[in-house]
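**Q** Dropping the structure in here first, questions after.
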There are 2 protein chains.
Amino acid sequence: MVEESATDDAWRVLQGLSRGSEVEIVRLDGSRWKGTLVPGHELSGARVVQLKLPSGYNVGLSILPSDRVSVNPPAPPPNGVSAPAPRGATGQQATAGGVSLLTTGGTIASRIDYRTGGVKPVKEEGEILSFYPTLERGGPVRIRSVFDRLSEEIGPGDWVALAEAVAEEFRSGARGVVVAHGTDTLGYTAAALAFALPRLPGPVVLVGAQRSPDRPSSDGSSNLEAAVELARLGRLSEVVVLMHEGLSDDRFAVHRATRVRKMHSSRRDAFRSRNGPPIGTVDAQGVHLTPEARAPSTGPVEVDTRMDVQAQLCWFYPGLDPALAERSVLGCRGVILAGTGLGHVASSHLPWIRRAVEGGAVVGMTTQCLEGASDPYVYSTGRELLRAGVTYLADLLPEVAYVKMLFALGRSQDPAVVRRLLLEDWAGEFAVRHPVAEPD
Amino acid sequence: MVEESATDDAWRVLQGLSRGSEVEIVRLDGSRWKGTLVPGHELSGARVVQLKLPSGYNVGLSILPSDRVSVNPPAPPPNGVSAPAPRGATGQQATAGGVSLLTTGGTIASRIDYRTGGVKPVKEEGEILSFYPTLERGGPVRIRSVFDRLSEEIGPGDWVALAEAVAEEFRSGARGVVVAHGTDTLGYTAAALAFALPRLPGPVVLVGAQRSPDRPSSDGSSNLEAAVELARLGRLSEVVVLMHEGLSDDRFAVHRATRVRKMHSSRRDAFRSRNGPPIGTVDAQGVHLTPEARAPSTGPVEVDTRMDVQAQLCWFYPGLDPALAERSVLGCRGVILAGTGLGHVASSHLPWIRRAVEGGAVVGMTTQCLEGASDPYVYSTGRELLRAGVTYLADLLPEVAYVKMLFALGRSQDPAVVRRLLLEDWAGEFAVRHPVAEPD
């Protein structure tokens, strides 16, 4: 702590500080609040500061005349690079060997709108940096907005734009790319990027937040910093999702993009690898990757965004009308079924499935259990579906199989080729099986 | 061990024994195989016996002339009731205060068909008892087949038949009822029975097996015996699912029927309670129920199987065509959406949702995360959906919400009443929230 205010007006000192300053506020009652200054939200009245505590939680403090304040200015990043704030247009320059952060909207780049009580997106680079004051501690980060929407609005067209944007960052010399994305459909986009980017020179790290950055319990800052660190240091050349491993702010799981799913609507550790453990972790000691993580490849980035969206994902359930299921896939070149158990549907659905296959559609089977594999050889139902022409897709998640179907259809008009493509391992989407391992 | 064969023909001794006998086979090499005799499968050649080992695994042993055999006859049940085998028609008699076992088909009542390599159902009571020789150890079990099909074939009409059959067993004096059911749709049927049986005098225990009873790794025997014990002893008056808690054969989880889901296609411990822990366990020490388990009620069983099946379960995903979604719910009185995250769909779906609600349909929202709750108040998308007339169903699983919708529609023609019914707690389907508890 290099400055100290022992006057009765801590508020005046605080007003003069830039975002990212580390401060400690000591009250007459002996309580101490130590943290990093972050922007106050819209309704913060006079004499209120927002502090990000070392725990990752934000707190709003009403500053009393009797408070004392100790201040550290924002820490300069290592390697002698000058401190980033005030920033201006520096984020626009190419950063050879550095990290690019692509924003797409979503909670990680949102704040509470206190008039409506909801969350609304943050669009400006400066605002993102002011919410994440320590983002550039390890080196400069180039920030670019690809689009700006909540993730439930993101679809196949956006996947193309995002894959192109990621490729462009690598072509401009980026070592790694971070994609900040809403968590709702983060898993779908992650799988799409993994399939659209068959060769990568470095890591592509998708990251989100379950709470917006101006909320006390926000996970955005810690997630984003860990994602930047992984993109900057990780010996990795695949698309991954980085999110909280548990409820604490000091450990992050690195999930393979094609084997991850949001398994809780609100917890910080909502994202879980399926059919196997994460392929790595990030913590205070650095980046730790398992041997399963794909090591950096040489050669330029490859991008192949050909897709055909004439496909449906059809969840089976008791009571589902076969006529309705058939109507919902009319005109489709591809259908992914999320069957029960090992990949089953009621036999009343066999006739339309046979007709779809005879009409040239590719019908793939997955399990709605979301863990374990589909297998047509155990029960008579599976063998009947196999005879009807259904392709069993082992342990692909239903969503991942659907995304892969769009790309497979884009790469061939021949159903036999599409079936073969679906069964090939493109991006580690088929798990190495661990027959006795615990899934969670 | 009361008899011993020291001759060179263990095979002759084994042939004379009834199923359920406990034997120990000692080989010249010193190896010992101790277990319960179970029927051999179809291709078991001469001189092969099937033993269920204490671990729960079955093993087929080819009997050598040099083998020695020690034999215990089947244990008589306690309370002086005579041993059940040979059985004949005794299973047909009413068992006041006892346990009824209703079979419906499924793996737990199936065996491998070694000609096709698949699994086919076992229909006869005698065969069930011969597969599960120790089923009646704690007292007689009345066995009745309600229907006989793989669970992916079971639908709303079967739920009615099964609810009536359960009610009939209680009216005949049963203390508890066990329902053996295929695991694929066990969760759907469990929820349906919970909603169709608003008052129960004792436990209804649904149980299944992930492996058929003649396979070495079958879990059917241990699951079924634990289910019978829970039905016989448990101070419980609700519908539950009992399955392996972990991978070992000595501990079973008791899941509330409306909060359980098959989360793995093949593991013994595939069934998991969602949004909270199981409400009990069964182990060698007996039955252990948490305070959340509903205690036995007085008064006769109540059954209300009114349903309207004009409802759809619609999973949202990026790329889902709104026109297609609308077409799939035409004519429906009820729609359950499995949205992303806190319960979102792309805004392009708002118009058809508004039209459906204006047309008198009830549209309910759940989360496809399968854990956590839906909540319309966090994001603008949720508030828009709320304004469109969508009913947010908190932490109901999508499948459970769909099953409940059928019953709610059956109980009223008025959309406002249906909405209110959906939000009422009928059978513990809304979890007590544990804000900081770990889900698994």
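Quick note: the coordinates plus some simple rules give every number you see, no bench work behind them. A quick note: this is a predicted structure, and the numbers were derived from the prediction, not measured. So basically every Cβ, Gly included, is an ideal-geometry build from the backbone, and we count neighbours across all protein chains shown.
**Q** Anyone know which of A:SER248, A:SER347, A:SER151 comes out most mobile in the 10 Å Cα GNM of chain A?
**A** Ranking A:SER248, A:SER347, A:SER151 by mean-square fluctuation puts A:SER347 first.
**Q** Using the Karplus curve 6.51 cos²θ - 1.76 cosθ + 1.60 with θ = phi - 60°, work out ³J(HN,Hα) for each residue of segment A:288-302 in order, rounded to whole Hz, and write x for Gly and Pro.
**A** Going residue by residue, I get 10, 10, 7, x, 6, 5, 6, 6, x, 9, 9, x, x, 5, 10 Hz, with x marking Gly and Pro.
**Q** Count the net charge of all other residues whose Cβ sits under 10 Å from the Cβ of B:PRO296, scoring Lys and Arg as +1 and Asp and Glu as -1.
**A** +2
**Q** Now for a different question. Taking the dipole about the Cα centre of the protein assembly as shown, with the C-beta of Lys and Arg at +1 and of Asp and Glu at -1, give me whichever of A:GLY299, A:ALA192, B:LEU14 is farthest to the positive side.
**A** So the residue furthest toward the plus end is A:ALA192.
**Q** In whole Hz, what ³J(HN,Hα) sequence does segment A:139-154 give by Karplus (6.51, -1.76, 1.60; θ = phi - 60°), x for Gly and Pro?
**A** So the J values, rounded to whole Hz, are x, x, 10, 7, 10, 9, 8, 7, 7, 9, 8, 5, 5, 5, 8, 7.
**Q** By how many nm would the segment from A:ARG32 to A:SER297 lengthen if fully extended, with 0.36 nm per residue of separation less the alpha-carbon distance?
**A** Full extension of this stretch gives 90.5 nm more.
**Q** Search the structure for amide H atoms under 5 Å from the amide H of B:TYR392, placed 1.01 Å from N in the peptide plane, and list their residues when 5 or more places away or on another chain.
**A** B:MET365
**Q** Would you please put A:253-265, A:25-37 in order of how densely packed they are, using the mean number of other Cβ atoms within 10 angstrom per residue and starting with the highest?
**A** Ranked by mean Cβ neighbours within 10 Å, highest first: A:253-265, A:25-37.
**Q** Going by the alpha-carbon gyration tensor, a ≥ b ≥ c the square roots of its eigenvalues, is chain A rounded (a/c under 1.5) or, if a/c is not under 1.5, prolate (a/b greater than b/c) versus oblate?
**A** Prolate.
**Q** To the nearest 500 deg cm²/dmol, what mean residue ellipticity at 222 nm is calculated for chain B from DSSP H runs of n ≥ 4 alone, each contributing -39,500 (n - 2.57), summed and divided by the residues?
**A** -7000 deg cm²/dmol
**Q** So, one more: So the label point sits 7 Å from Cα along the Cα-to-Cβ vector; using that for B:GLN15, what distances do you get to the other copies, in nanometres, sorted shortest first?
**A** For B:GLN15, the other copies' label points sit at 10.4 nm, shortest first.
**Q** Using the Cβ atoms and a cut-off under 14 Å, what net charge is assigned to the surroundings of B:SER218, where Lys and Arg are +1 and Asp and Glu are -1?
**A** Once all neighbours under 14 Å are counted, the net charge is +2.
**Q** Same structure, new question: If we hang a label 7 Å off Cα along the beta carbon direction at B:GLY60, how far is it from the matching labels on the other copies, in nm, shortest first?
**A** Spelled out, the distances from B:GLY60's label point are 7.1 nm.
**Q** Using each residue's phi in segment B:360-370, evaluate 6.51 cos²θ - 1.76 cosθ + 1.60 at θ = phi - 60° and report the 3J(HN,Hα) Karplus result to the nearest Hz, with x for Gly and Pro.
**A** x, 7, 9, 10, x, 10, 10, 10, 6, 5, 6
**Q** Could the peptides B:98-107, A:312-321, A:382-391, A:186-195 be put in order, highest first, of the mean number of other beta-carbon atoms found within 10 Å of their residues?
**A** Result, highest mean first: A:186-195, B:98-107, A:312-321, A:382-391.
**Q** OK, next. Among B:GLY364, B:GLN50, B:ALA231, whose Cα sits farthest toward the positive end of the charge dipole of chain B (+1 at Cβ of Lys/Arg, -1 at Cβ of Asp/Glu, about the Cα centre)?
**A** My answer, from the dipole projection, is B:GLY364.
**Q** Given an 8 Å cut-off on Cα distances and at least 6 residues of separation, report the relative contact order of chain A as a percent.
**A** The value is 12 percent.
**Q** So for the pair A:GLU358, B:TYR377, with labels modelled 7 Å out along Cα→Cβ, what separation do we get in nm?
**A** Going by the 7 Å Cα→Cβ label model, 5.5 nm.
**Q** By the gyration tensor of its Cα atoms, with a ≥ b ≥ c the square roots of the eigenvalues, what is the shape of segment A:311-423: rounded for a/c under 1.5, prolate for a/b over b/c, or oblate?
**A** Rounded shape, in that the Cα axes give a/c under 1.5.
**Q** With a ≥ b ≥ c taken as the square roots of the eigenvalues of the C-alpha gyration tensor of segment B:90-289, please select rounded if a/c is under 1.5 and otherwise prolate if a/b is larger than b/c or oblate if it is not?
**A** rounded
**Q** Within chain A, how many lysine pairs that are 8 or more places apart, or on different chains, have C-alpha atoms less than 25 Å apart?
**A** So the count works out to 6.
**Q** Which order, highest average first, do A:141-147, A:276-282, B:179-185 follow once you tally other Cβ atoms within 10 Å for each residue and take the mean per peptide?
**A** B:179-185, A:276-282, A:141-147
**Q** Taking K and R as +1 and D and E as -1, what net charge do the other residues with C-beta under 13 Å from the C-beta of A:SER328 add up to?
**A** Combined, the nearby Lys, Arg, Asp and Glu give -2.
**Q** How shielded is B:307-320 by partner chains, expressed as the average number of their Cβ atoms within 10 Å of its Cβ atoms?
**A** That average works out to 6.
**Q** Quote the charge dipole size of segment A:283-434 about the Cα centre in Debye, to the nearest 20; the model charges only the Cβ of Lys and Arg (+1) and of Asp and Glu (-1).
**A** It works out to roughly 500 debye.
**Q** Report the FRET efficiency, 1/(1 + (r/R0)^6), for B:GLN310 and A:ARG327, where r is their Cβ-Cβ distance and R0 is 25 Å, rounded to 0.05.
**A** Calculated transfer efficiency: 0.95.
**Q** Would you mind listing the distances between the B:LEU233 label point and the same position in each other copy? Use 7 Å along Cα-to-C-beta, nm, one decimal, shortest first.
**A** 5.4
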